[in-house]
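Below is one structure, written out as structure tokens; comments come after it.
The values are calculated or read from the model by the stated rules, or taken from the named source; none is laboratory data. The shown structure was predicted, so the numbers you read here are calculated from the model rather than taken from an experiment. Quick reminder, even Gly has a Cβ in these numbers, built from the backbone with ideal geometry, and neighbours come from all protein chains shown. Heavy atoms of the whole protein, side chains included, go into the accessibility calculation; ligands, DNA and RNA do not. Shrake-Rupley method; radii C 1.70, N 1.55, O 1.52, S 1.80 Å.
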Amino acid sequence: MQQMPSDNMVQLTYVIYGLHLFSAINGVLTSAFVVTAFLSGWPSIFAVILNYIKREATRGTYLESHFRWQIRTFWFALLWSGIGAILVLTIIGIPLAWMLIMAIGLWVLYRMMRGVTQLMNKQAMVFN
């Protein structure tokens, strides 16, 4: 049986989602791409650092899955952005890179919004 997380940890999880979303939405509202702002924005970098620092405090609670969700979103977005950067180096790959970056941005927004929704319902993230 899972234990219930402390109210402070639930609030911190909301703050971390907020930091990630602030960076991602900044990419929508400015000339930057969502994924670029998400990966290079200080709020998102600070959020993933918080994920690692506080991850142990979430063990055995439904928040553990949220922290894993947030961390994996960050690193997979970075991985796919790196692939996009490599594609830009080739003339043929530039259109693919643009499409990939746009898709990653939408994926990041989806994952952050889905995470917040699950958190509001006090439910763990399901990985499938």
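Using beta carbons and a limit of 7 Å, which pairs, at least six apart or on different chains, have the first residue in region 92-103 and aliphatic (A, V, I, L, M) and the second one open to solvent by 90 Å² or more (accessible area, probe 1.4 Å)?
Sorted first by the residue in region 92-103, then by its partner, the pairs are L100/W80.
Consider region 48-81. How many of its residues are closer than 16 Å to L119 by Cα and small (G, A, S)?
2
Kindly establish whether M99 is open to solvent by 50 Å² or more (accessible area, probe 1.4 Å), out of contact with any strand residue (DSSP E or B) (no Cβ under 7 Å at 6 or more places or on another chain) and closer than 12 Å to T13 by Cβ.
For M99, the condition - open to solvent by 50 Å² or more (accessible area, probe 1.4 Å), out of contact with any strand residue (DSSP E or B) (no Cβ under 7 Å at 6 or more places or on another chain) and closer than 12 Å to T13 by Cβ - is not met.
Among the residues of region 83-128, count how many are modelled with pLDDT under 90 and either charged (D, E, K, R) or assigned to a loop (DSSP other than H, G, I, E, B) (or both).
Count: 7.
If you take the residues of region 65-91 that are within 27 Å of P5 (Cα to Cα) and without any contact (Cβ under 8 Å) to a residue 40 or more places away in the chain, which of them is most open to solvent (accessible area, probe 1.4 Å)?
W75
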